[in-house]
Amino acid sequence: MKVAIVKPDHVGDFVLSKPAIGALIRHFGDITLFVGTPVFPLANAIFPGLNVRPMDLPHLSKSGTIAVTVDEARCQLLDFDLIVFLRDDKVIRQLASTLKARLVYSGGDHLTHETLIQKRALCNLIQYSRTELFSGEPIEWPRTVSTVGLCIGAGFPNNRWPHVYWIEIAQELAAGGVDIRIVGGQAERLDAELIRKYLGLPEEHVILGSSDFRAFWSAIDDVDVVLATDGGTAHLCSLRRPVLSIFASSPWRRYAPFGKYNRLLTRDLACCPCVQFSSDEVNACVTRECASWILPRDVLRVICTPCLSNMAQEIGRCVLWSGVSHLARN
């Protein structure tokens, strides 16, 4: 049987698909994985030796990547007997409607974690442990925190935390004897340098992602905890270290970094998820209360607490959750 996995998505979404892709590889062996060109190096780093092919669909393409038409994507999939779509949207459904192979979709809502949506979609094919195929063993929160990585990268503009907050939390942590690393992707190079210079940190305290993912993970291994906004770099970090996520406007129940011991702060406002995720609505938000009222002093309390229950807790004007990917409803 010829099996294809279609995941033409962005970095963070691809990381969350690691358990499902790994389970399909383990079960079927010979798999062809279709991903967006920007994710190509990551797919090869996580699944070395796998047959990975590009599929850049117009609605997902960034950075000037030349996209294929739906008909061209269809031609790439004609020879397969089973096609697993680990993304579900109108374009994917349009593409799938032209195919005669057996199809599996991973459709879900914003109240269920992405890894569980995919596991449920595959339940008639395979059974697997998400944790085993994500990180091998649960990544626990440390009892003491001596080094914190501040992951400033954000997938969408409204997910960003103000620079002044990053600086304030870094100063508070440093005053308590904690070492600081500034973490981001190439798009955050200038922001990371600005924050580094303001804090007076040495250049080697900046960790920037590149196509050399193994070097990035090696650097992240020296960090005890990562404090991150919602973005692909945060998910890359979650493969190795525990993460405290600051979720502003995006659907936190679905896209929180995977991990039983990870922590998440959100205001969970009525306007979440924000219309920034819509292709036909205008985002007229000017207050950004979802991010601006997650304050450094509240974040500091969460980082320095060694043990938490899985129950929601009020922290200032926020709600703190532990193990979002493993909540009871999930």
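Read-outs throughout are calculated quantities, based only on the coordinates presented, and are distinct from any laboratory measurement. Note that the structure is predicted; figures quoted are calculated from it, not measured. No Cβ is skipped: glycine too gets one built from the backbone with ideal geometry, and neighbour counts run over all protein chains shown.
Seen through its C-alpha gyration tensor, with square-root eigenvalues sorted a ≥ b ≥ c, region 151-251 comes out rounded because a/c lies under 1.5. The residue list LEU308, VAL206, GLY231 was ranked by how far each Cα lies along the charge dipole of region 147-326 toward its positive end, using unit charges on Cβ atoms, and LEU308 comes out on top.
When you work out D = kT/(6 pi eta Rh) for region 147-326 at 4 °C and 1.567 mPa s, using the Kirkwood radius from C-alpha pairs as Rh and the Stokes-Einstein form, the result is 79 µm²/s. Helix 18-28 and the longest principal axis of the C-alpha atoms of the chain enclose an angle of approximately 30°. Taking K and R as +1 and D and E as -1, what net charge do the other residues with C-beta under 10 Å from the C-beta of GLU289 add up to? Net local charge, GLU289 excluded: +3. If only the Cβ of Lys and Arg carry +1 and only the Cβ of Asp and Glu carry -1, the dipole of the chain around its Cα centre is close to 680 debye.
Antiparallel DSSP bridges in the chain: what percent, to the nearest 5? So the antiparallel bridges amount to about 15 percent of the total. Ranking HIS113, VAL6, ALA43 by Cα position along the charge dipole of region 3-134, where only Lys, Arg, Asp and Glu carry charges on their C-beta atoms, puts HIS113 farthest toward the positive end.
Under a model in which nothing but the beta-carbon of Lys, Arg (+1) and Asp, Glu (-1) is charged, region 3-134 shows a dipole of about 180 debye around its Cα centre. Let me make sure I get this right: for region 25-172, a, b and c are the square roots of the gyration tensor eigenvalues over alpha carbons, sorted descending. Under 1.5 in a/c it's rounded, otherwise prolate if a/b > b/c, else oblate. Which is it? Prolate, since a/c reaches 1.5 and a/b exceeds b/c. Computed over the Cα atoms of region 90-209, pair by distinct pair, the Kirkwood hydrodynamic radius stands at 18.2 angstrom. Compare the Cα positions of ALA215, LEU122, ILE180 along the charge dipole of the chain (+1 at Cβ of Lys, Arg; -1 at Cβ of Asp, Glu; about the Cα centre) and return the one farthest towards the positive end. Comparing the listed Cα positions along the dipole, LEU122 ranks first. Lysine pairs in the chain whose alpha-carbon atoms fall under 24 angstrom of each other, counting only those eight or more residues apart or on distinct chains, come to 17. Each 10 Å bin from zero up to the one holding the largest Cα-Cα distance in region 101-144 carries the following percent of pairs: 23, 41, 25, 9, 2, 0.
Counting every alpha-carbon pair across the chain, the share separated by more than 29 Å comes to 37%. Computed from Cα positions, the angle between helix 189-199 and the longest principal axis of the chain comes to roughly 20 degrees. Highest mean first, the peptides 16-26, 196-206, 169-179 sorted by other C-beta atoms within 10 Å per residue fall in the order 16-26, 169-179, 196-206.
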